[in-house]
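Structure record follows, encoded as structure tokens.
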Amino acid sequence: MSGTNAGIRLVLVHSREWTADDGRHHRREEWTISGGEIDPRWRRDADARERAEGWEPSSRFTLYVVDGEADPRLASYGGVVWPTAWPKLFQAVRQGTQQSAVEITDEGLMLRAAALDGASDMHADARLS
């Protein structure tokens with residue numbers, strides 16, 4: 001499943017579902033995001049690599065969904081760039097603290113929903129315009 005917006009590709013790589021002892025339904029989603037325009041702060045380092053290696057910005061991240069509600073806090077992330085390279089889709093929260101974190105934005109959740117729905121590229125673009 002994937003969704004695309006202005007050259008951004010969001011792909012669900014793996015998911016796992018289970019029901020906890022308390023009866024709540026859990027889902028772990030592993031995603032990759034690549035392409036598109038990224039924040040200029042990430043772009044500076046990327047430009048040299050892109051020219052040298054045909055590099056494209058990409059990252060991976062994990063979300064947890066409990067009873068159908070996505071937790072906006074990323075459980076893990078990493079890659080060539082971090083998800084915050086796409087500032088409309090991800091935001092850093094509590095920066096500079098021991099509890100700093102990255103969260104997916106409402107726009108990011110809409111792109112996720114479009115990817116899960118198997119939306120066409122045009123449909124995903126329309127939802128995120």
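Laboratory data are not the source of any read-out in this text; all were calculated from the coordinates shown. Owing to the predicted nature of the structure, the values given are computational and were not obtained by experimental measurement. Here the Cβ is made from the backbone with ideal geometry for all residues, glycine too, and neighbour counts use every protein chain on show.
What to note about this one:
- Formal net charge of residues neighbouring residue 90 (Cβ-Cβ distance under 13 Å; K, R +1; D, E -1): 0
- Total formal charge among the other residues, if their Cβ is under 9 angstrom from that of residue 64, Lys/Arg +1 and Asp/Glu -1: +1
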